[in-house]
Amino acid sequence: MLCNSLRTCRRPCVGLMRDASMRPLLPAPFSHANRTQLLVGRLRCITSSTSSAKAAAPHIVVDVDRDAISQHQAVDVDVNALHANCNFSDAQSAHGSKSSFELLTAIGVFSSCRLPFLIRNAEYFLDLSYKTLGHGITNAVMKHTFFRHFCAGEDRHDMKPVIEMLQTNNIGPILDYAAENDSADSSESAAGLQGIFSQPPFNQPARVYDYKSEEECDRHVSIFQECIHSVHDVSPVGFAALKVTALGNPELLERMSTMIVEVKNLFAKFQPENGSGGLISREEFAQCYRQHFHVDADHLEAVIESLDPNDTGVVDFISFAEMLTPYNLPSFTFKCKSIGPLARVTPSSDEIVLMKRMSERLHTLAADADLNGTRLLIDAEHQKYQPAIDNLVVELQKKFNAKDKTDRPIIFNTYQCYLKDTLERVEMDLKRSERYSFHLGAKLVRGAYMEHERERSKNLQYPCPIHDTAEDTHQCYDEVVEYLMRYRWQNGSGTEIMVASHNQASIEKAVVLMNQLGLQPQDPNVYFAQLFGMRDNLSFPLGSQGYNVFKYLPYGKVEEVMPYLLRRAAENSAVLVDSVSELDMLKEALSKRIIGR
């Protein structure tokens with residue numbers, strides 16, 4: 001039976017954060033000072049010694065050797081030794097396979113990306129061109145310039161020559177249907193259409209989810225399936241990338257994210273003020289649960305038994321989040337003693353149906369990918385959607401990356417290292433992979449929505465989730481790469497890492513670290529990736545030396561991928577300030593082509 005707690009729950013019944021994009025701190029987060037040293041990690045399962053036949057649910061902690069590496073000196077790069085194998089400054093190696101016309105086109109594209117006025121007003125100029133020249137002429141111009149440079153084509157037939165060229169250079173394909181959806185589009189559609197009327201409980205505002213959005217999501221399933229089949233046809237080791245916003249209403253994703261954040265906030269309230277490790281004793285949990293919910297003794301006993309089946313005496317966040325999913329949230333919030341932040345995000349029955357449809361679409365694609373031997377990369381998106389995306393990816397990983405079904409991950413999640421909580425999220429997902437016995441697949445990027453996230457946090461007046469400086473982002477990226485790579489080295493194959501970066505210093509550190517750890521270039525658990533049309537000086541030398549390197553190949557109808565192209569242009573405006581820029585190397589390659597040397 002449960003014992004009464006000697007400690008009262010002092011946590012106030014208010015939300016710790018008010019916006020879905022503001023991630024609460026995970027239980028026992030690492031301090032910024034410590035994060036720089038969390039580079040040699042190993043997970044240790046601590047299970048109860050009881051012989052109970054109950055389902056295993058070990059509590060997992062991270063045992064980190066914090067003195068193994070000093071700050072900023074985890075990997076010392078011998079550039080001369082590195083360039084003996086991979087010369088990232090060789091224009092011929094990077095661009096020798098391009099025709100003279102392709103070089104000229106690339107020079108024009110990158111030169112345009114260096115014009116701040118043009119980039120800042122790109123969307124305006126595009127709309128103006130559509131209005132004055134028409135969609136046909138505008139799309140034709142885009143197709144032979146920006147589209148040709150950054151995208152592989154409009155369909156699988158257009159992509160075939162590009163894929164063949166890459167494979168000739170030992171570079172694999174990542175096919176990415178690049179159409180991007182946004183909540184503004186769905187709202188505009190809903191205004192003129194009858195749709196699914198949703199009335200959530202607790203006096204929440206009514207919402208309408210339009211039928212057109214659902215129909216479009218179903219259509220996108222077929223498009224992604226074609227992408228999966230295309231990967232299967234062209235490469236035995238290829239990837240398909242997909243965006244969850246193309247498979248569910250973005251407004252619904254944002255709602256779902258808010259629910260997940262408030263569940264984290266509730267768990268944070270349950271923790272004692274001086275608690276650590278993300279663990280709560282059974283007694284403390286019971287005390288706080290009674291404070292927030294109407295519950296009888298038998299029901300509370302059943303709840304705690306489900307959260308701590310091995311009688312360890314503690315409850316952790318992973319089990320708590322598994323219990324309070326967005327799908328079953330109403331069964332808990334209807335027992336709330338007061339209408340607080342968690343109750344006010346309770347979904348309606350219609351919203352639960354829509355969330356399950358979105359999950360079903362993802363499971364359909366994951367099953368298709370599994371059947372065809374194709375791996376799926378789930379793209380990161382705006383932070384207001386990301387908690388829901390992460391939750392859906394864990395669902396897929398538990399099923400399709402299960403260790404008793406496969407020896408390698410089928411589903412990869414994407415971690416944006418410009419977010420301050422990235423290392424904590426990676427650690428938490430490693431714990432989940434151990435708890436639920438699945439292989440973790442992690443694609444690491446710096447992030448693609450920095451300006452949007454900063455502007456949104458400023459407008460809504462919450463702490464910006466983005467690192468304050470570029471240096472902090474670089475440091476975070478390198479830390480997470482090393483953390484995961486050392487975990488793979490210590491724990492054997494299974495966890496797979498994709499170092500998706502255009503930063504030469506990060507690539508160099510990763511290559512040197514592989515060598516230090518004795519991981520061969522062909523190690524099946526480590527990949528490198530760059531976007532098509534960018535950083536060929538990294539991709540082609542890596543491929544020539546036998547590393548597992550891939551190119552992201554966006555495709556789709558020209559007008560559908562316009563948001564993607566505009567974002568690529570915005571990113572290049574910053575990337576091209578590097579001392580050895582894409583533009584400099586393209587000009588060098590063309591110059592050598594012209595003078596015949």
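The values are calculated or read from the model by the stated rules, or taken from the named source; none is laboratory data. Bear in mind the structure is a predicted one, so any value in this text is a computation, not a measurement. Quick reminder, even Gly has a Cβ in these numbers, built from the backbone with ideal geometry, and neighbours come from all protein chains shown. What goes into the accessible areas is simple: the full protein's heavy atoms, side chains included, and nothing from ligands, DNA or RNA. Shrake-Rupley method; radii C 1.70, N 1.55, O 1.52, S 1.80 Å.
Under a 5 Å amide H to amide H cut-off, with H placed in plane at 1.01 Å, what residues pair with TYR527 once short-range neighbours are removed?
When sequence neighbours closer than 5 places are left aside, the close amide H contacts are ILE497, MET498, VAL499.
If you plug each phi of region 458-472 into the Karplus form 6.51 cos²θ - 1.76 cosθ + 1.60 with θ = phi - 60°, what whole-Hz ³J(HN,Hα) values come out, in order, with x for Gly and Pro?
So the Karplus estimates, Gly and Pro as x, are 5, 5, 9, 6, 10, x, 5, x, 8, 4, 5, 10, 5, 4, 5 Hz.
Roughly to the nearest percent, how much of the accessible area of region 229-318 is carbon and sulfur, given a 1.4 Å probe?
Carbon and sulfur together cover 50 percent of it.
Based on the Cβ-Cβ distance of ASP296 and GLU395, what FRET efficiency does E = 1/(1 + (r/R0)^6) give at R0 = 35 Å, to the nearest 0.05?
0.65
So which trypsin sites (Lys or Arg not before Pro) in region 97-130 pass both tests, a DSSP loop state and at most 10 other Cβ atoms within 10 Å of the Cβ?
none
Using alpha carbon centroids, what distance separates region 107-145 and region 388-450, in Å?
Answer, in whole Å: 37.
Check VAL315: other-chain or 5+ apart residues with amide H under 5 Å from its amide H, H built from backbone geometry?
It is ILE280, SER281, ARG282, by chain and number.
Pairs LYS264/LYS399; LYS405/LYS557; LYS143/LYS212; LYS243/LYS399; LYS551/LYS592: which are spaced more than 30 Å apart, C-alpha to C-alpha?
LYS405/LYS557
Quick one: net charge around LYS356, please, counting Lys, Arg +1 and Asp, Glu -1 for every other residue with C-beta under 13 Å from its C-beta.
Surrounding charge for LYS356 is -3.
Leaving out ligands and nucleic acids, and using a 1.4 Å probe, what accessible area per residue does region 205-316 come to in Å²?
35 Å²
Each label point is 7 Å from the Cα along the Cα-to-Cβ direction; what then is the distance between the points at ASN515 and SER129, in nm?
Those two pseudo-labels are separated by 4.4 nm.
Could you list the GluC sites (Glu not before Pro) in region 240-290 that lie in coil according to DSSP, counting only those with at most 13 other Cβ atoms within 10 Å of their Cβ?
Sites meeting the loop and neighbour criteria: GLU273.
Which residues does a label at LYS160 reach in region 215-259, if reach means a backbone N under 18 Å from a point 7 Å past the Cα toward the Cβ?
Counting only backbone N, you get 226-236.
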